[in-house]
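Step one of this worksheet: look at the structure below.
The values are calculated or read from the model by the stated rules, or taken from the named source; none is laboratory data. No experiment lies behind these values; they were computed from the predicted model shown. Positions of Cβ are generated from backbone atoms using ideal geometry, with glycine treated the same way; all protein chains shown enter the neighbour counts.
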Amino acid sequence: MNEAETKSNRRKFLVKIVKAALVTAIYGVVWFLIWLLLSSFLGDLFLQFSALYWILVCASLFFTFAIRISENTIYKYVFIILRSFFLIVYIAYSTNFGVLSMDYAGFTFTVEFIPLLAIMVAINLLSIARGLIQAIEFSAQSPED
Amino acid sequence: MRHIIKALRLIIAVLWIAILMLPVTVALSLLKIFEAGNNVGIGKPSFDLSNGNFSISIPFYMNNTGFYDLSEVYAYIKVYDGDKFIAESSTNWLDVPAGEMVASNLSILISLEDIFSENRELLTSNKELNVSASLHFRVAYALAFTVTTSSTVQWGAPFSNLTIQHSSYNETHQVFSVSFFNNASFPINGPLRLELLNPSNTTVGLMEQQIGVPSKGLYQGLFEIPVSELTNSGTVRLYFADILIREERWESL
């Protein structure tokens, strides 16, 4: 590999980082707008869950950046699979395994959505399966990666 | 392999859309039911205490004008004395299909033996009890909602100011007078039994009376108990529907 190729690769990588950062920033702005909307409409009710929200935001931005920056490599699919694993754990934990309770005006409201949670987990398992197939396909196409 | 990936992508997209649409349509369905104001009604509850069971009956109707079936509609009650659990019971489950109206009685039946075997003081002492009442229903067989509220209620003892007094005796009978005030908000109907034991704790006589005491009513009764042996002292036990209300020593005057 000569110096010109190295320079070109570095430049490509830099462009990739800039693009990934840009996309991540756009996602960040969208998440922030959602936070503004939810906190203004739901008020104190939403503030109870704001820590969980920001964990989701941080993880989402991390995976967005990581997936973008690892475009055209096998790591992209590794991150997609990891993201699905994270979502399974996050959804199960943040929803208290499908049972949410909140107190309001002397009443306790409980919503149980275990069947929906099961479908969400199934969706993420399908995403993992898709990521695995994509990774296998990618490896078959470009063994040098 | 590409086809599999495309199919998976499609399935995932469809499932996500379904998952996101379901809560929205469920919310709209519930809004349609409850915004009318007269689609759900709860009547005046009635209480009864008879044959060892305490029952609460709540007339209930629901007109399901929403899109989805409602299932597992039931009420649930838990009673505590401070932090001490006393009793729990739930009504029968109702299903209200979409577009139909269901009218029923939500009945809660609590066995007095279960409650009072460990909380006998509730029979004779007024208390402040914590009652947690819940209403549960499931929409579209997927999302279940439970609304719970807690409140304190004054428990009026059904056998307040209970007195058991030895009145007189002859060679074959011991006579006791029993009186109490029904401070509860329900009538008492059932068998009241007085059992007499000698000092060595052997039953020497018993007598049972059917009583019917209205809420806030006074009961005064005489128990002329035929005895198998004459004794001047011992133990007297008062039962209501096989539930021991009081046990005390007695001596003839």
Could you check how many residues of segment A:88-123 are part of a helix (DSSP H, G or I), touching a residue at least 24 places away in the same chain (Cβ under 8 Å) and more than 9 Å from every other protein chain (Cβ to nearest Cβ)? 7
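Rundown of residues vs (1) surrounded by 18 or more Cβ atoms within 10 Å (Cβ to Cβ); (2) farther than 16 Å from B:Arg120 by Cβ; (3) among the charged types (D, E, K, R), yes/no style:
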residue	(1), (2), (3)
B:Leu162	yes, no, no
B:His173	no, yes, no
B:Val178	yes, yes, no
B:Asn182	yes, yes, no
B:Ser185	no, yes, no
B:Gly190	yes, yes, no
Note on segment B:193-216: residues in a strand (DSSP E or B) and within 22 Å of B:Ser252 (Cα to Cα) are B:Arg193, B:Leu194, B:Glu195, B:Leu196, B:Leu197, B:Thr203, B:Val204, B:Gly205, B:Leu206, B:Met207, B:Glu208
Cross-chain or 6+ apart pairs with Cβ under 8 Å, segment B:140-162 first and within 14 Å of chain A (Cβ to nearest Cβ), then part of a strand (DSSP E or B) and among the basic types (Lys, Arg): B:Ala144/B:Arg138; B:Phe145/B:Arg138
Looking for something within 25 Å of B:Ser215 (Cβ to Cβ), surrounded by fewer than 17 Cβ atoms within 10 Å (Cβ to Cβ), touching a helix residue (DSSP H, G or I) at 6+ places or on another chain (Cβ under 7 Å) and touching a residue at least 12 places away in the same chain (Cβ under 8 Å) - is there at least one such residue anywhere in segment B:68-77? no
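Residue-by-condition table, conditions (1) in contact (Cβ under 8 Å) with a residue 40 or more places away in the chain; (2) surrounded by fewer than 16 Cβ atoms within 10 Å (Cβ to Cβ); (3) in contact with a Gly (Cβ under 8 Å, 6 or more places away or on another chain):
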| site | (1), (2), (3) |
| --- | --- |
| B:Leu49 | yes, no, yes |
| B:Phe60 | yes, no, yes |
| B:Tyr80 | yes, no, no |
| B:Thr91 | no, no, no |
| B:Asn126 | yes, yes, yes |
Among the listed residues A:Phe109, A:Phe138, which satisfies the condition of being over 20 Å from A:Ile55 (Cα atoms) and touching a strand residue (DSSP E or B) at 6+ places or on another chain (Cβ under 8 Å)? A:Phe109
The one condition B:Ala184 fails out of (1) in a strand (DSSP E or B); (2) outside the structural domain of B:Glu72 (by TED's automatic domain parsing) is (1)
Filter segment B:217-252 down to residues that are of a type in the set (A, V, I, L, M), more than 18 Å from B:Asn189 (Cβ to Cβ) and assigned to a loop (DSSP other than H, G, I, E, B), then give me how many there are. 2
Considering each residue of segment A:56-84, count those that are loosely packed, with under 14 Cβ neighbours inside 10 Å and within 12 Å of the chain's Cα centre (by Cα), and give that number. 1
Could you list, in sequence order, the residues of segment B:191-213 that are within 32 Å of the chain's Cα centre (by Cα) and farther than 18 Å from B:Leu122 by Cα? B:Pro191, B:Arg193, B:Leu194, B:Glu195, B:Leu196, B:Leu206, B:Met207, B:Glu208, B:Gln209, B:Gln210, B:Ile211, B:Gly212
